[in-house]
Every structure is written in structure tokens, then in C-alpha cells.
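Inspection log for the structure reproduced underneath, given as C-alpha cells.
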Amino acid sequence: MFYLIHSSRYMDGERLTEEDEKTVLEKLLAYHPHSEDKLGCGLNFIMVDRHPQFRQSRCLFIVRTDGGWIDFSYQKCLRSYIRHKYPSYAEKFIKEHYKRSS
């Protein structure tokens, strides 16, 4: 996922391929602590773009069926996945390998 966001594979504002979008939905967004809220009224597509407040940051955005869009943190997804899969070791691992916890 990091590759999708930080590489030149996708230009700012570009929609993910169907294959990448499926991977993001099933293997990443499924673990976001607020995935249902992020999806809202429904998913139209996922794109990579610059964050509106933090222009140096590229991130993933959900574009909803009503035309609205919202960013989501792949870092939150990964931390949630780690907590789900490895509950006994998660907090120690996250503290050692991530700058911020949530």
C-alpha cells in the first residue's frame, strides 16, 4: 500500500486500478477502525491524491457514490490489523515500529 501512495505509479488525483482497489478494500480498509463511516453511502472508487491540509502528504481517498470524498489512513488500518491478528504482541510491536499510535 505504501508503494501505491508514494510511488509515481499513480499521478495525483488518479483512480486506482480495479485490481488495486479490490486489494485495498479487502486487505486494508477492512481493518480501518471506522471503515463503515469512511465508506458512508457507498464506494464509487479509490484514488491517490495530496492531502488538502498537508500538501506534502499523498494519501488514499474514498470517493463516495454521492460525490463526496474522504481520506483514510493506511497506518490506522495496519495497526488495527496487527491488533486483530497478534493481540498479545501488538502494542509492543506498534510502539517499537510506528511513530504514533492510535
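The values are calculated or read from the model by the stated rules, or taken from the named source; none is laboratory data. Remember, it's a predicted structure, so these values are computed and weren't measured experimentally. Because the Cβ atoms are built from the backbone with ideal geometry, glycine has one as well, and the counts that use them run over all protein chains shown. With ligands, DNA and RNA removed, areas are computed over all heavy atoms of the protein, side chains included. Shrake-Rupley method; radii C 1.70, N 1.55, O 1.52, S 1.80 Å.
In table form, for the structure just shown:
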item	result
Residue match in the range 15-27 (condition: more than 29 Å from residue 93 (Cα to Cα), of a type in the set (A, V, I, L, M) and crowded, with 16+ Cβ neighbours inside 10 Å)	yes
The range 74-102 - residue that is polar (S, T, N, Q) and out of contact with any helix residue (DSSP H, G or I) (no Cβ under 8 Å at 6 or more places or on another chain) and, of those, most open to solvent (accessible area, probe 1.4 Å)	88
Single condition residue 31 does not satisfy, out of (1) touching a Leu at 6+ places or on another chain (Cβ under 8 Å); (2) surrounded by fewer than 17 Cβ atoms within 10 Å (Cβ to Cβ); (3) hydroxyl-bearing (Ser, Thr, Tyr)	(2)
Of the criteria (1) within 12 Å of the chain's Cα centre (by Cα); (2) at pLDDT 95 or above, which one residue 48 fails	(2)
Hits in the range 42-73 - residues which are open to solvent by less than 30 Å² (accessible area, probe 1.4 Å) and closer than 29 Å to residue 95 by Cβ	48, 51, 59, 60, 61, 62, 72
Residues being within 13 Å of residue 74 (Cα to Cα) and in contact with an Asp or Glu (Cβ under 6 Å, 6 or more places away or on another chain) - total across the range 5-46	1
Of all residues in the range 21-45 being among the polar types (S, T, N, Q) and under 22 Å from residue 9 (Cβ atoms), the one that is farthest from the chain's Cα centre (by Cα)	44
